[in-house]
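Here's the structure, in structure tokens; my notes come after.
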Amino acid sequence: MKSAVETLNPTRVRLSIEVPFEELKDSLDAAYKKINQQVTVKGFRKGKIPNRIIDQRFGRGAVLEEAVNDALPKFYTEAVSEGELNVLGQPEVDITELKDGELLAFTAEVDVRPEIAIPDYSGIEVTVDALEVTEEDVDKAVEQLRERFASTNPVERAAAEGDVVTIDLEAKVDGEVLEDGMAAGVSYTIGSGELLEGIDEAVTGLEAGGEATFTSELKGGSAEGKEAEVTVKVTAVASRELPELDDDFAQMASEFDTLAELREDSRKRLENTKQYDQATQAQERVLDELLKLAEVPIPEKLLADEVQTRKHNLEHHQLGQMGLDLEKYLEIQGKTLEEFENETSEQAVKGIKTQFILDELVNKEKLNVNQEELTEHLMRRAASSGMSPDQFAQAVVEGGQVPMLVGEVARGKALAVVVEAAKVVDTNGEIVDLEDDEDETTETAEAATEDASEASAGEKSDEKSEA
């Protein structure tokens, strides 16, 4: 076999491959054997039909077609290996010559990973939010905990804001009660904004047994988005009582003996959260600056496939679970279809660029992933997917996605290297030391590159099928 590589552009090549006919012998034998098992010829046992009879009855062309289909992937893979190419996706193959007994010639155009020069990233400087926890922040956190321990007591008076009412609902559209437009025994806190627009005004001032009618746009169900006439009946009214903020509350709501200890713990938790947010901001902003410095050509077909994958996942998974279609989603977001498509394309470009440049950094820095790092990452991915670690691990192995997870961790480590070299300051001008947050920085770096790994997963799958 002879092969030559022609570079069409920085992300695409054309392979020209010539195969002497004697190198097709194994594929020809396999073709005759396959046809032998599929056809019957009177006078011959199944599987024992001579090759010349198959040629006479079914045509030599059918055998050649079967043999070429069998041989192409093998010779293409050999040519890719000889050319030391890092291919992306499936090739577009064109048979240019097929002479029985003499020669098979074909071309294969395929996207390849571009060569990327890693820029000097030592001068990157980014600004993140200052690590500040105010007394108001602590007050809010304690108040949220206090709300969780609120009690309700039935009252015989008109409902007011903050009360918990038990209500029955009936919705009509065009005078007809909807099949899914009735609900009984619904618990609702007045002023929470958790149900229909207009319901707060309707129930405020009603005692148990009172009812009111109002008009509101339905947020879900069979008539989602339509104006409905809603009748609400209050069946019970209860006041919410918050516990006193004292040491007794601290002992009831936590493991602490005093309110002061509870507040101090809340402060530390808020500081940890903001410290994590700092690390997340740092890696995201450092990544943005790194991408600005690097020239990364994008393969057109890979980009088109990534955009299509993102749109499919949004429409058929995320929106489907929420009972929305794309049109309704865009209406809620206040975006046009063109704006949505442009944003999706920009996100896909960023994801692919991120993957390419971080993969190059992994190679340059010779970063490896050990079993402990992979296991920790798998545990985090399992938690975010809602699966148990064992279920997630089984799905990963069965789907052949272990290399994808390894790539995610490696890219996270590569980005952590860049973050470590960058200068990170907060909004007060103070230098932020992220060394103590190495685990968090690596974790958030992995998260930033997981999105880009969708393209990697498809790429690996294609490579496996080609082999």
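Read-outs: derived from the displayed coordinates by stated rules, not from any lab. Since we're looking at a predicted model, the values are computed, not measured. Reconstructed Cβ throughout: ideal geometry from the backbone, glycine too, with neighbour counts over all protein chains shown.
If R0 is 25 Å, what FRET efficiency do you get for residue 187 and residue 260 from their C-beta distance, rounded to 0.05? Write down the numbers at each step before the final one.
Details: r = 35 Å, r/R0 = 1.38.
Here the calculated transfer efficiency is 0.15.
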Exposure proxy check on 353, 48: fewest-to-most Cβ neighbours within 10 Å is 48, 353
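Taking the beta-carbon count within 10 Å as an exposure proxy, list 329, 188 from fewest neighbours to most. Provide the component values of the computation, followed by the final result.
Values: 329 16, 188 21.
The most exposed by this proxy come first: 329, 188.
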Two pseudo-spin positions, 7 Å from Cα along C-beta at residue 227 and at residue 4, lie apart in nanometres by 7.3
Length gained if residue 314 through residue 122 is fully extended, taking 0.36 nm per residue and subtracting the Cα-Cα distance, is 65.4 nm
So, with points 7 Å from each Cα along the Cβ direction, the residue 368-residue 179 label distance in nm works out to 6.2
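Give me the net charge for the shell around residue 138: Cβ to Cβ below 14 angstrom, other residues only, Lys and Arg +1, Asp and Glu -1. Intermediate results must be reported in sequence, preceding the final value.
Numbers: positive: 140, 146, 263, 267, 268, 269, 274; negative: 132, 135, 136, 137, 139, 143, 261, 264, 265, 271.
Counting the neighbours of residue 138, the net charge comes to -3.
What does the extension gain come out to for residue 40 and residue 341, with contour length at 0.36 nm per residue minus their alpha carbon separation?
Numbers: separation 301, 0.36 × 301 = 108.36 nm, distance 5.45 nm.
Result for the pair: 102.9 nm of gain on full extension.
Give me the number: length gained by fully extending residue 406 to residue 99, i.e. 0.36 nm times residue separation minus the C-alpha to C-alpha distance, one decimal in nm.
Numbers: separation 307, 0.36 × 307 = 110.52 nm, distance 4.55 nm.
This chain segment gains 106.0 nm when fully extended.
Could you give the semi-axes, largest first, of the ellipsoid that matches the stretch 151-241, computed as the square roots of 5 times the alpha carbon gyration tensor eigenvalues and rounded to whole Å?
Working: eigenvalues 115, 29, 23 Å².
Each semi-axis is √(5λ); the values are 24, 12, 11 Å.
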Along the stretch 342-359, Karplus-curve 3J(HN,Hα) (6.51, -1.76, 1.60; θ = phi - 60°) to the nearest Hz, with x for Gly and Pro, reads 5, 5, 4, 5, 4, 5, 5, 4, 4, x, 5, 4, 4, 4, 4, 6, 6, 4
Cβ-Cβ cut-off under 15 Å around residue 115, Lys and Arg +1, Asp and Glu -1: the net charge is -1
Computed ³J(HN,Hα) along the stretch 23-29: with the Karplus parameters 6.51/-1.76/1.60, θ = phi - 60°, integer Hz and x for glycine or proline, the list is 7, 8, 4, 4, 5, 5, 4
Inter-part gap, Cα centre of the stretch 309-341 to Cα centre of the stretch 111-180, in whole angstrom, is 22
Within the stretch 190-216, the residues whose backbone N lies under 17 Å from a label point placed 7 Å from the Cα of residue 331 along the Cα-to-Cβ direction are 197, 216
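Using the reciprocal of the averaged 1/r over all distinct C-alpha pairs, how large is the Kirkwood radius of the stretch 2-112 in Å? Don't skip to the answer; put the middle values down first.
Values: mean 1/r = 0.0652 Å⁻¹.
15.3 Å is the Kirkwood radius here.
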